[in-house]
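Data first, discussion second: the structure below is written as structure tokens.
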Amino acid sequence: MPRTSKRKAAPPASVKSSDLHSVRPGKGATKEVDRIDRLFNSYANQSLGLIDPEGVEKLCSDVGVDHTDVRILMLAWKLKAEKQGYFSKDEWRTGLKALKADNLDKLKKAFPALETEVMTPPNFQDFYAYAFKYCLTEEKQKCVDIETICELLHLVLGSQFRAQVDSIIEYLKFQSEYRMLNMDQWVNFYRFCHEISFPDLKNYDADLAWPLILDSFVEWLKEKQS
Amino acid sequence: MAAKSFTVEEGWEYVKNNGITKLIRILEGLPEPSFSPAEYMMLYTTIYNMCFQKRTHVYSNDNSKEAYEKYKKAFDEYIPMVYLEVSGNAIDIVITLINKEREGQQIDQGLLKNVLDFFIEIGSVYKKCYEMDFEAHMLQDTGDYYSRKSSKWIMEDSCPDYMLKASVEECLKRERDRVSHYMHPSTEKKLVEKVQHELLVVKSKQLLEKECSGFCALLRERKAEDLSRMYRLYKETPQGLEIIASIFNKHITGEGTALVKEAEYAATNQAASKVVVQEQVLFRKITELHDKYVADVNDLFLNHHLFHKALKEAFEIFCNKAVAGSSSAELLAKFCDNILHKGGSEKLSDEVIEETLEKVVKLLAYIHDKDLFAEFYRKKLAHRLLFDRSANEDHEKTILSMLKQQCGGQFTSKMEGMVTDITLAREYQTKFAEYFHSNSNATPGIDFSVTVLTSGFWPTYKSFNLSLPTEMAKCVQVFKEFYDSETKHRRLTWIYSLGTCSINGKFETKTIELIVSTYQAAALLLFNSSDRLSYSEIETHLNLTDDDLVRLLHSLSCAKYKILIKEPNTKTISPTDNFEFNYKFTDRMRRIKIPVAPLDERKKVIEVVDKDRRSTIDAAIVRIMKSRKVLGFQQLVMECVEQLSNMFKPDIKLIKKRIEDLITRDYLERDEENPSMFRYLA
């Protein structure tokens, strides 16, 4: 039985396969966009036109990942989400298309690959910086409070650099000079974990351009160790 | 003699057989009769003819070239053999003779000269046999000789003696003579170097650090001649002056640090009542030290830059040490205050005072925290000017011009402004007096004068909304009207904490004039309407902070002069106290000054300076980055320190903190590729 009734539009008289691709998405692709949109709508706050924190929580429980899990942050990174706790339609579309996930099941299955992708070198730096930016909720906000920094460090670096992260977090909670940290300091935590031998700290040189907070951390740690 | 025509070969055969071979036999001591004159003639003629063969009517000396070559060949064959056999022994003998001469024996200098000339001659053909065979051995041996000698002398002689007697200067002289007598001039430099090396360089540590006669001892005992000699000798050796300058530096640092420790000890061991003015003593001693060693650098060390540097660095070390919690900057400011304060140095002549001020300013050059000094100085200057405690206006101006010359106009601009303000203020005072004399209804009712200050020049004073007694309020009002009529767009902020007041206390026995601060006067006047007031009542009436109120009430009720009776009669003020006017108070004087315990301004001054430093460093960093666009961290730190060097020495932590702040404020960013580079964000 011809499926003319299911056709969306009449195909042009003569058509080359290349034309098809450039003129409009193929049938399969269109369906994909539809499904992605439908998925979006199932979580979105209709009046806002966005998936809001409530929607995100529901999504999390549906995919079986806790909303405080680092994988959700990775998802946000993949979606290039601008506002913490929200996904816009465009972000959702671009992200899920890149993940090749047009339904919940595929989305669930996309996480391992996503994790691997994030952990690969140039991506990780980008993800790491993104994690900080994601916390800048106010307009013109440049710094993030220490509490959040500690949580973030744990979330983002904890698996790779357990010892350093635990130590740094202990120090951040102990010191009182800084209540907020800027992006430059944040970025340098990763550099520190990556470059400095731990826990002997042998190759750390405070006369170099390390941010002051790391100099103080190293001082504190060395005193503790002696 | 007929010119026989013969070939060069034939001629050479004759020469060889009858000349060279014969000569060799003679030289080797074989029985061979010496040349007869006839034999000489034959040889000579043969050679001549050999060279000047007539050919085709033209005399040519083409053959001479061949002849020379043959001669050279003979030479080449024979001489090296001789040389190799003989030279080794010859050199040993020469060296032995040299050493004998060193020990004082007479030797045949002429013979040595001939032998060594021979080496030199050969050396011109046979590659440096003079340098390599003779000279090298001789230098080696000389080194050993002097090494032995110097070890012996260093044990026996004192440092000055070592340098002088039969030692360094003498030895060098003799070696130079030796060279001129029988060695090649080129040897002199190497020989002198060698001797110096053994006598001065190798033994430098032992020589200079000799307990009782080494460099430090000579300095202590002011042995100018010996020190000059040492300078002269070591100047010629490589790094010699660096070594001495380093000992000089350590010596000065040691002496200076000892003075500081002395002052520290004196300060912490004095009973509280007897406060030794330690900074007076300390700085006098430091300036003496400075004068002494600056003179040494000029006279003994001929103004050499290494010694200037050594002195500077030494002073920078101990001039920045704190004494009993006070920074050197503060102490120096106190020292200046003592000189410029009334009753401080009236007995000294103007010249002496100016000299002292000059020396003080010179010492400031060694102090890192110049901005801290400036702030303390300014605070004390303000006190002197406002309470008329300045001994001599000219001296005040003199030191300011000295400071300006040394540290630049920006350093002294505020201070100069303060001095000018006082002059201007006096003018206004005169005008004001005229104003209310001519304006009967504008009279303030009491004798009253105002000092108007330009706020930017003076240290910051907190102004409180002290509730003034009516009498005073009227004065303020009158002055305000006057001032507004004289000027436009000026706003007056009243600093009552700096005012003085003279009020009459009508006590039972007699009336006594009390010289008090405005705050104290305001408090006392309250008792005109009530005999007894509680702490909180006074607080409400006056509207002062607790700190100020406590200090003020303490001065009136718990100190030397108890104008008020406090209940309970404890030594400290508490908010539950009650106060009564002390009718029974009396004193033998008719007029007494009731001081208020001074605030410890040190903390505040340090706070102000720290705050200023933050913005100064920010400005410097932005300036540098704006012009360089991209700069490495260490370079940035270096330039920052350099730019700020005449105000203070910023430590690297502070600079890092400021960079951090500037990053947050989007002035700078760190380069992504190279994290030790920073970029200016326009």
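Taking the listed residues B:413, B:497, B:467, B:502, the one that is assigned to a loop (DSSP other than H, G, I, E, B), of a type outside the set (A, V, I, L, M, F, W, C) and either surrounded by 12 or more Cβ atoms within 10 Å (Cβ to Cβ) or assigned by the TED database to the domain that holds residue B:647 (or both) is B:467, with no other qualifying. Among residues of segment B:628-645 being farther than 25 Å from residue B:329 by Cα and more than 10 Å from every other protein chain (Cβ to nearest Cβ), the one that is nearest to the chain's Cα centre (by Cα) is B:635.
For residue B:431, the criteria (1) outside any helix (DSSP H, G or I); (2) surrounded by 12 or more Cβ atoms within 10 Å (Cβ to Cβ) hold in every case but one, which is (1). Within segment A:192-214, the set of residues being facing another protein chain (nearest Cβ under 10 Å) and surrounded by fewer than 17 Cβ atoms within 10 Å (Cβ to Cβ) comprises A:195, A:206, A:207, A:208. The set of residues from segment B:632-666 being surrounded by 19 or more Cβ atoms within 10 Å (Cβ to Cβ) and over 21 Å from residue A:219 (Cβ atoms) comprises B:636, B:640, B:644, B:647, B:648, B:662, B:663.
Kindly provide the set of residues from segment B:285-308 that are among the acidic types (Asp, Glu) and open to solvent by 30 Å² or more (accessible area, probe 1.4 Å), ordered by number.
From segment B:285-308, those among the acidic types (Asp, Glu) are B:288, B:291, B:296, B:299; that's our starting set.
B:288, B:291, B:299, listed by residue number.
Residue count for segment A:137-146 satisfying the condition of being open to solvent by less than 80 Å² (accessible area, probe 1.4 Å) and within 12 Å of another protein chain (Cβ to nearest Cβ): 3. The one condition from (1) outside any loop (DSSP other than H, G, I, E, B); (2) in contact (Cβ under 8 Å) with a residue 40 or more places away in the chain; (3) crowded, with 18+ Cβ neighbours inside 10 Å that residue A:125 does not meet is (3).
For segment A:124-137, the criterion of being modelled with pLDDT under 90 and not β-branched (Val, Ile, Thr) is met by none of the residues. Filter segment B:508-533 down to the residues that are among the polar types (S, T, N, Q) and either open to solvent by less than 20 Å² (accessible area, probe 1.4 Å) or outside the structural domain of residue B:576 (by the TED database) (or both), then identify the one that is farthest from residue B:555 (Cα to Cα). It comes out as B:518. If you filter segment A:171-191 down to residues that are surrounded by fewer than 13 Cβ atoms within 10 Å (Cβ to Cβ) and away from every other protein chain (no Cβ under 11 Å), you find that the one that is farthest from residue A:223 (Cα to Cα) is A:179.
Considering every residue within segment B:588-602, establish whether at least one is basic (Lys, Arg), under 30 Å from residue B:371 (Cα atoms) and surrounded by fewer than 17 Cβ atoms within 10 Å (Cβ to Cβ). Scanning segment B:588-602 turns up at least one residue that is basic (Lys, Arg), under 30 Å from residue B:371 (Cα atoms) and surrounded by fewer than 17 Cβ atoms within 10 Å (Cβ to Cβ).
Given the structure, is residue B:648 at the interface with another protein chain (Cβ under 10 Å from one of its Cβ atoms), of a type in the set (Phe, Trp, Tyr) and under 31 Å from the mean Cα position of the chain (by Cα)? Steps first, answer last, please.
Working: at the interface with another protein chain (Cβ under 10 Å from one of its Cβ atoms): no; of a type in the set (Phe, Trp, Tyr): yes; under 31 Å from the mean Cα position of the chain (by Cα): yes.
Judged against the criteria, residue B:648 is not a match.
For segment B:337-351, the criterion of being part of a strand (DSSP E or B) and either surrounded by fewer than 21 Cβ atoms within 10 Å (Cβ to Cβ) or touching a residue at least 24 places away in the same chain (Cβ under 8 Å) (or both) is met by at least one residue. Taking segment B:24-51 as the range and being open to solvent by 80 Å² or more (accessible area, probe 1.4 Å) and not basic (Lys, Arg) as the test, the residues that pass are B:27, B:28, B:31, B:33, B:34, B:37, B:40, B:41, B:44, B:48.
Residue by residue, here is whether (1) farther than 20 Å from residue B:176 by Cβ; (2) among the aromatic types (Phe, Trp, Tyr) holds:
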| position | (1), (2) |
| --- | --- |
| B:103 | no, no |
| B:111 | yes, no |
| B:131 | no, no |
| B:134 | no, yes |
| B:142 | no, no |
| B:146 | no, yes |
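The values are calculated or read from the model by the stated rules, or taken from the named source; none is laboratory data. All values reported here derive from a predicted model rather than from experimental measurement. Note: ideal-geometry Cβ built from the backbone for every residue, glycine included; neighbour counts use all protein chains shown. Areas reflect the complete protein model, heavy atoms only, side chains present, ligands, DNA and RNA absent. Shrake-Rupley method; radii C 1.70, N 1.55, O 1.52, S 1.80 Å.
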